[in-house]
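Colleague: Can you keep this structure in mind? I'll have questions shortly.
The values are calculated or read from the model by the stated rules, or taken from the named source; none is laboratory data. Just so you know, these numbers come straight off a predicted model, no measurement behind them. Here the Cβ positions follow ideal geometry from the backbone for every residue, glycine too, while neighbour counts run over all protein chains shown.
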Amino acid sequence: MRRVYLPIVALLAVLVTGLVGLYLYDGSRADTVAEGVSVAGVDVGGMSAERARVMIQGQVAAPLEEPIRISAPGRDHVLTAKRARLRTDVDGSAAAALAASREGFFVTRAVRDLTGSRANVDLRARVSYSKRAVAKVVRGVERDVNRPARDATVEPSGAGLNRVRAQTGRRLHTEALARRLRSAIRRPDVRTVRARADVLKPSVLTGELEKRYPHYITVDRGGHTLRYYRNLKMKSSHTIAVGQAGLDTPAGKYSIQNKAEDPAWHVPNSDWAGDKAGQIIPGGTAENPLKARWMGIYDGAGIHGTDQTGSLGTNASHGCIRMSIPEVIELYRRVPVKTPIYIG
């Protein structure tokens, strides 16, 4: 029986001796970071805890103090370590690297180290920062980047028409930028973050303006001039009379509301109308001042012909726009209802 147990005892002795050896070897590496362990991409494997701390200070903490440039449409922005209230826990990061090396059973650790195997662990740097500060920077970028799309349009004045070109808008990917910044704060190899934005397209393009405004009229009251535009190109210019003091031709943007040939005159109940106040004067009569054609604009004011050609070029009407009879007939023929008119 003794011969049977001897090999078993010998085997157990070898195992115990081996385990003791592995235990002692593992204990001797209690202050050594395992190969394949890195912090924020910086390899600290095989280093003592102190040497790892120095490495983390120089290769992680110091670069993290460098400002992060935010490359954004329009202009760049900067997030500094001070503004972010950045703090890098170098000691804690080194301790975490050592703790990752000591995970598992001592036999597994010892065999790993003896065979040159790698732990393949990349730890995040232990960093604290102000989330409010990051959010504030993102809001600043957002204010700078975001803009609505601008439709092409026409800005009228008494002197004419000015085409305003369409402009694309931008909308920042706000949450994506915030995520990239939060990641970059912990990564010494990333000091530039790109802010992406959607392009917002205008509804009306510059090339569509001519079709959008096939007809347009501008009135320069001070210059006593009416201009007619076809597809935004001036086709004719006319000397006119406008409202006298106290009965001014209304300024602003309007449109031709209605049209009539030899219209009846519905005399307003105003002091200046005298005995005719409230009457309806038939069209085409000598007493009717609305000669030949009528293009209504706003609140009883409109464009009409006059046989008092001497009043053209003056402030003589009761609010309407007077034109010579041949010219008002020609304008009437050209201009449809809903034609925009600007009176300046």
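Colleague: Within region 75-91, can you find the residues that are surrounded by 15 or more Cβ atoms within 10 Å (Cβ to Cβ) and of a type outside the set (A, V, I, L, M)?
Modeller: Matches in region 75-91: H77, R83, T88, D89.
Colleague: Of the residues that make up region 266-273, is at least one surrounded by 13 or more Cβ atoms within 10 Å (Cβ to Cβ), farther than 23 Å from E330 by Cβ and of a type in the set (A, V, I, L, M)?
Modeller: yes
Colleague: For region 119-159, which positions are assigned to a loop (DSSP other than H, G, I, E, B) and acidic (D, E)?
Modeller: Residue satisfying the conditions is D151 alone.
Colleague: Restricting attention to region 61-74, does a residue exist that is surrounded by fewer than 13 Cβ atoms within 10 Å (Cβ to Cβ), at pLDDT 90 or above and charged (D, E, K, R)?
Modeller: Checking region 61-74: at least one residue is surrounded by fewer than 13 Cβ atoms within 10 Å (Cβ to Cβ), at pLDDT 90 or above and charged (D, E, K, R).
Colleague: A follow-up question, please. Among the numbered criteria (1) closer than 22 Å to K235 by Cβ; (2) of a type in the set (G, A, S); (3) free of Cβ contacts under 8 Å to residues at least 60 places away in the same chain, which one does G283 miss?
Modeller: Tallying (1) closer than 22 Å to K235 by Cβ; (2) of a type in the set (G, A, S); (3) free of Cβ contacts under 8 Å to residues at least 60 places away in the same chain, G283 fails exactly one: (1).
Colleague: Sticking with this structure for a sec: Applying the selection to region 93-106, what residues are in contact (Cβ under 8 Å) with a residue 12 or more places away in the chain and within 50 Å of the chain's Cα centre (by Cα)?
Modeller: The answer is S93, A94, A95, A96, A97, L98, A100, S101.
Colleague: Same structure again: All but one of (1) over 18 Å from A301 (Cβ atoms); (2) surrounded by 16 or more Cβ atoms within 10 Å (Cβ to Cβ) hold for K201; state the number of the condition that does not hold.
Modeller: With respect to (1) over 18 Å from A301 (Cβ atoms); (2) surrounded by 16 or more Cβ atoms within 10 Å (Cβ to Cβ), K201 is out only on (2).
Colleague: Look through G319, G313 and report the one residue that is at pLDDT below 95 and farther than 17 Å from Y228 by Cβ.
Modeller: G319
Colleague: Let me ask something additional. Within region 200-289, considering only strands (runs of 3 or more DSSP E) that don't extend past its boundaries, which have at least 1 residues that are touching an Asp or Glu at 6+ places or on another chain (Cβ under 9 Å) and over 21 Å from S324 (Cα atoms)?
Modeller: Ranges flagged: 233-239.
Colleague: Can you give me the number of residues within region 107-132 that are among the hydrophobic types (A, V, I, L, M, F, W, C), over 47 Å from the mean Cα position of the chain (by Cα) and buried (at least 16 other Cβ atoms within 10 Å of the Cβ)?
Modeller: 1
Colleague: Something else about it: Could you identify the single residue in R170, R179 that is part of a helix (DSSP H, G or I) and modelled with pLDDT of 95 or more?
Modeller: Testing whether each residue is part of a helix (DSSP H, G or I) and modelled with pLDDT of 95 or more leaves just R179.
Colleague: Quick check on region 213-236. Is at least one of its residues under 40 Å from the mean Cα position of the chain (by Cα), within 30 Å of L79 (Cβ to Cβ), surrounded by 17 or more Cβ atoms within 10 Å (Cβ to Cβ) and aliphatic (A, V, I, L, M)?
Modeller: No: zero hits.
Colleague: Next up: Can you go through N269, N258 and tell me which one is at pLDDT 95 or above and either in contact with a Gly (Cβ under 6 Å, 6 or more places away or on another chain) or at positive phi (or both)?
Modeller: After ruling out the rest, the residue left standing is N258.
Colleague: Identify the single condition in (1) part of a strand (DSSP E or B); (2) under 16 Å from the mean Cα position of the chain (by Cα); (3) without any contact (Cβ under 8 Å) to a residue 12 or more places away in the chain that N162 does not satisfy, given that it satisfies every other one.
Modeller: The failed condition is (2).
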